[in-house]
Every structure is written in structure tokens, then in C-alpha cells.
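Data first, discussion second: the structure below is written as C-alpha cells.
The values are calculated or read from the model by the stated rules, or taken from the named source; none is laboratory data. Please read these numbers as outputs of a predicted model, since none were measured by experiment. Here Cβ is always computed from backbone atoms with ideal geometry, including for glycine, and neighbour counts include all displayed protein chains. In case anyone asks, the SASA skips ligands and DNA or RNA and just uses the protein heavy atoms, side chains included. Shrake-Rupley method; radii C 1.70, N 1.55, O 1.52, S 1.80 Å.
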Amino acid sequence: MKFKINKNEFLKALLQVGKIIPIKHTNPIFVNVKLELTTQNLILIGSNGDISITTTIPFFKDNKEIIRDINPGAILANSDILSNIIKRLDGEEVTFDVLDDYEARIEVDNQASFNLHCIDANEYADLDFSFKGVKITLPANEVVNVVGQVCFAASVKNLKPVLTGVNIEGNGSTVNFVATDSSRLAKKEIEAEISEVFNTTVPVRTIQEIAKSITDEETINLYVNDKRILAELKDTVISSVLLPGTYPNVKNIIPKNFVYTLEADANDLIKTIETANVFSASSGEKGTTIRCYMSQSNVVFRCNSDQNGNSSVLLNLFKYTGERLEISFKCEPVLSAIKALKTSEVLLCFQGEMKPFVIVGKNDPTVIQLLTPVKTH
């Protein structure tokens, strides 16, 4: 196996697959990247056992020669070491030549050379990148938004593994992305082309890696079957295992009718809550509680810190509908929910003091944040 390749294109592909390749693994084979050179392109494959990525480098790109002087073949090379070698080399072209004893010689313009011990490509795991299952076509930018608007609400603990992921459900012409840790819930609805109804739960990191791999694609295709989910991008395919277990039925959790509504400028609301929470934030107290007093004449946020004192801060810009209401909530989840909406105006909708409440963007009902109030004495 031998080829000469544009250094920047090679490094970009190595970093693309290398981002999920671990430096150490219980199965040492997964610390390697698989390089497979055909008569048409160079294929790179990386995996951590749960998520796998393959990306392809064509011989020509935009009428520019990327790969030349080829001798097809395949090899496994340590991903971290190979990436670091290519990253540190000067010059525009790299020569990669596999010797008979599974040793790769890497050279650039006769200025530097490295001999890297490699492994027989047949030792690598048999990974499935075939497009099987339900096909879903989604706007690429909306998938990127899912990371910030939904993924943060997933559980970080493994008590219920299914809650550490994002549930994806397709029905009709929409796909719903939902994450919850049992105390808060985030949901985003995206219009999509769907071949049939489906419901699956994938690890948060899978969604994150798909989003990070999107470049200039306008749409991406997802393929969901009973074992895996695959994302098809321009030159890259990402395959991931699914999470076991049945995801909670959240369809009836989100209330539709509200008695009290607070409309506010998002930045002003964030600043007010953070100001009220300044004692706790300064002392590093975790899980602090804010008490909110709402009426048509004023909205006040109050916080008590056992160590430092207490605060009372008025919200400047607001419109409140309903009778007087007092409600308490954890500071961090509410701030995270407001920031995740990425909108200038937000609506906080309530049913009562101890009932779950909803935060939505005033002009974007496709993203919903559901939070649970806390009991205070």
C-alpha cells in the first residue's frame, strides 16, 4: 500500500474520524484508524466500539489532485500518533508507504521521515455502515440546534441508561427530539421527510458528533433500524449503537393550557436571575433555589444564601397575565433552559405553584423546555 496525499486533506480526515477514537481502550484495536486505499479513493474508519465514523478522500477535489502514485491496500495505524505526525509536518504533500513487515514510512519532501509500526487491517472489527432501516431527511442546521436546545437536559447518571440519551420519534412529517433527566425536559420538533413511523433513543454523544461533523450540508439523512442509527453526510458516515430500554412516554407530560403567563426579554430575565443568585454563585453553592413572586405590577426574584445573606431583584421588562403567583425553582436548570432557546423573547407558562411549567420562545413554538418547581417553606 502506497500513496502521496495532500497534507491538509489527510489531516482533516484523520481528525474527523480520530475525534471518537480513544487513546486507550479495553480492546486495543480501537486505538487505531483503518486506512483503506482503493482505485477510487482513500477510506478512513475509526471507532470506540459504540460510535463509528468513516470518511472518504477522493483522488480529485474541485479539479485539484489530492491523492496520486497509488498502490491499493489497507492497514491499521495508531490514530493519535499518526495525526500528531501529520500535524507537525511542513510541506503540502505526504508520502505514506507500507513496507512488507507492517511498518509505514511517512515522508514529506525529503525533510522528515517516520517509521510507524502498524497492524494487519484484517484484525479490525467488522463495522456496518450500510443504510438500512427507516430513512429520515432533516435540515442540517436544525440538527446542529438540537445539541444546544435538547441534549443538555439528558441525565448524566447511569441509573436509567435510556435517560442518558436523546429520544427521536418520527410520525407523519415531523421528528421530535426529546431529552429528560426526570426533573426537566427539553423537546424540539423538526419538519422532515420520513419513510415510516419510528421511535428510538441514541446516546447524547452521537447527536453531538453528528452535529460537529456537519460542514456545508443543507440536509442530512438518518437511517434507523432496531440495532443502529446512521447519519449520512457529504463525505462521512456516522454509525452508533442505540440505548437499551423503553423511553418514558412524555406526550402527555407537557401541559397545553395555562393560567399564568410571564413574557420577558430573555437577556433581561437571565441577568435578573443571575443577579438574584449572586451570593450563591460567588460561594460556589450548588442547586440553589430562587423564589419568584409575580403579579401584573411587578415580578421579583429572591434568593437566600445560608452562608452570605439574601437578595431581592426586580425584573425590568415583562408582561404578566393572571392572578398573583409565587413559585420556586432551581436556578441552574431555568437559566440553562432560557439560554438554550436562543431567542430574544421568552414565555414562562404556569398552571400553579407546584405544577410543572413551560419555557418557550415567543416566536418559536417548536422548542419547549419543561421544568419542575421545588417546594420551599
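Numbers below:
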read-out	value
Residue match in the range 251-269 (condition: in contact with a strand residue (DSSP E or B) (Cβ under 9 Å, 6 or more places away or on another chain) and within 30 Å of Ile53 (Cα to Cα))	no
Any hit, the range 142-163, residues being open to solvent by 40 Å² or more (accessible area, probe 1.4 Å), basic (Lys, Arg), part of a loop (DSSP other than H, G, I, E, B) and under 23 Å from Pro248 (Cβ atoms)	yes
Answer from Val278, Val250, Val241, Val259 - the residue that is surrounded by fewer than 20 Cβ atoms within 10 Å (Cβ to Cβ) and in contact with a Pro (Cβ under 8 Å, 6 or more places away or on another chain)	Val241
Selection count where residues are free of Cβ contacts under 8 Å to residues at least 60 places away in the same chain and open to solvent by 40 Å² or more (accessible area, probe 1.4 Å), scope the range 198-226	3
Complete set of residues in the range 1-22 that are among the hydrophobic types (A, V, I, L, M, F, W, C) and either at pLDDT below 95 or farther than 17 Å from Ser83 by Cα (or both)	Met1
Checking Cys331 against (1) modelled with pLDDT under 95; (2) surrounded by 15 or more Cβ atoms within 10 Å (Cβ to Cβ); (3) closer than 21 Å to Val250 by Cβ, the condition it does not meet	(3)
Selection from the range 290-304 of residues that are modelled with pLDDT of 90 or more and polar (S, T, N, Q)	Ser295, Gln296, Ser297, Asn298
Residue that is most open to solvent (accessible area, probe 1.4 Å) [pool: residues in the range 335-364 that are touching a Lys or Arg at 6+ places or on another chain (Cβ under 9 Å), of a type in the set (A, V, I, L, M, F, W, C) and at pLDDT 95 or above]	Leu347
Any hit, the range 281-292, residues being crowded, with 16+ Cβ neighbours inside 10 Å, free of Cβ contacts under 8 Å to residues at least 60 places away in the same chain and in a helix (DSSP H, G or I)	yes
